[in-house]
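For reference, the structure is listed below as structure tokens.
The values are calculated or read from the model by the stated rules, or taken from the named source; none is laboratory data. This structure is a prediction, so every number in the text was calculated from the model and none was measured. Virtual Cβ from ideal backbone geometry, glycine too; neighbours counted across all protein chains shown.
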Amino acid sequence: MAVDIPKPSYVSLYSLDYSGRVRNQCATTNNINEFDLSKISLGTMAASVDFVTLIPIRNMSRAVRFYSKQLGGKVTMRGTGEMRNSWCSMKIAQHHVWLVAPDKREKRNLAYMTLIVKDAKRYVKSLQRRGVRFQKGESMGPGSTVEGPVVSAPYGTSAFFKDPEGNLWMVFEIPRGM
């Protein structure tokens, strides 16, 4: 059964930031037949997008404490009442992170969260001083060197740790000149 949906008389396309505030108006028309998405600059839209990393957690208080004290994050919003232990929005450096308590957890073997830093060895040492425990570094093959948890290879320097919720994180330094 076909449904006839009336066309709007006025269409605007906006890009929004993570809080729902309008960043820019990308296109407007009074005639829906003239509305052509191919004429909209996606570069303009993409430039106004913020990315958020969702991190599954089991214990909200423990996770907030870790991300605040060990990683230096700041709580920007947190659920209240019955939702207090369901979600929390934080900012770590310039990145938005949402701690969420899903009903089910998936098994993870990859580092879904990566901190890109200028000096991995120095950054790892600073996190270790804050109580973060890193995994033992393992050789990545010819050309790689291991210094404690830090592995240096031609394609970059990395170290791995898990947060108290079991999420795997990578600290990664891009080689100079790349």
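Scan region 156-167 and give yes if some residue there is of a type in the set (Lys, Arg), under 21 Å from the mean Cα position of the chain (by Cα) and in the same structural domain as Arg58 (by TED's automatic domain parsing), otherwise no. Steps first, please.
First, pick out the residues of region 156-167 that are of a type in the set (Lys, Arg): 162.
When the remaining residues are screened for being under 21 Å from the mean Cα position of the chain (by Cα), the result is 162.
If we keep only those that are in the same structural domain as Arg58 (by TED's automatic domain parsing) as well, we get none.
No, region 156-167 has no match at all.
From the set of residues in region 71-86 that are touching a helix residue (DSSP H, G or I) at 6+ places or on another chain (Cβ under 8 Å) and in a strand (DSSP E or B), which is surrounded by the fewest Cβ atoms within 10 Å (Cβ to Cβ)?
Lys74
I'm trying to understand the selection: among the residues of region 55-69, which are surrounded by 17 or more Cβ atoms within 10 Å (Cβ to Cβ) and either of a type outside the set (Val, Ile, Thr) or more than 19 Å from Val117 (Cβ to Cβ) (or both)? Walk me through how you get there before you give the answer.
Of the residues in region 55-69, the ones surrounded by 17 or more Cβ atoms within 10 Å (Cβ to Cβ) are 55-57, 60, 63-64, 66-67.
If the condition is that a residue be surrounded by 17 or more Cβ atoms within 10 Å (Cβ to Cβ) and either of a type outside the set (Val, Ile, Thr) or more than 19 Å from Val117 (Cβ to Cβ) (or both), then Pro56, Ile57, Met60, Ala63, Val64, Phe66, Tyr67 are the ones that fit.
For every residue, the table says whether it meets (1) assigned to a strand (DSSP E or B); (2) in contact (Cβ under 8 Å) with a residue 12 or more places away in the chain.
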residue: Ser139; (1), (2): no, yes
residue: Pro142; (1), (2): no, no
residue: Val146; (1), (2): yes, no
residue: Ser158; (1), (2): yes, yes
residue: Glu165; (1), (2): no, yes
residue: Val171; (1), (2): yes, yes
residue: Pro175; (1), (2): no, yes
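Just checking, does region 136-148 include any residue being modelled with pLDDT under 95 and in contact with a helix residue (DSSP H, G or I) (Cβ under 6 Å, 6 or more places away or on another chain)?
No, because not a single residue in region 136-148 is modelled with pLDDT under 95 and in contact with a helix residue (DSSP H, G or I) (Cβ under 6 Å, 6 or more places away or on another chain).
Looking at Pro102, Pro8, which one is exposed (fewer than 12 other Cβ atoms within 10 Å of the Cβ), within 20 Å of Pro164 (Cα to Cα) and at pLDDT below 85?
Working: Pro8 fails: within 20 Å of Pro164 (Cα to Cα).
Every option except Pro102 fails the conditions.
Given the conditions (1) at negative phi; (2) modelled with pLDDT of 90 or more; (3) outside the structural domain of Asp163 (by TED's automatic domain parsing), which single one is not true for Ser41?
Going through the list (1) at negative phi; (2) modelled with pLDDT of 90 or more; (3) outside the structural domain of Asp163 (by TED's automatic domain parsing), Ser41 breaks only (2).
Select, from Val146, Val124, Val117, the only residue that is of a type in the set (A, V, I, L, M), closer than 20 Å to Leu71 by Cβ, out of contact with any Leu (no Cβ under 7 Å at 6 or more places or on another chain) and surrounded by fewer than 20 Cβ atoms within 10 Å (Cβ to Cβ).
Working: Val146 fails: closer than 20 Å to Leu71 by Cβ; Val124 fails: surrounded by fewer than 20 Cβ atoms within 10 Å (Cβ to Cβ).
Val117 is the lone residue from the list that is of a type in the set (A, V, I, L, M), closer than 20 Å to Leu71 by Cβ, out of contact with any Leu (no Cβ under 7 Å at 6 or more places or on another chain) and surrounded by fewer than 20 Cβ atoms within 10 Å (Cβ to Cβ).
Being small (Gly, Ala, Ser) and in a helix (DSSP H, G or I) is the filter here, so list the residues in region 116-137 that pass it. Break it down into steps so the answer makes sense when it comes.
Step one: list which residues in region 116-137 are small (Gly, Ala, Ser), which gives 120, 126, 131, 137.
Result: Ala120, Ser126.
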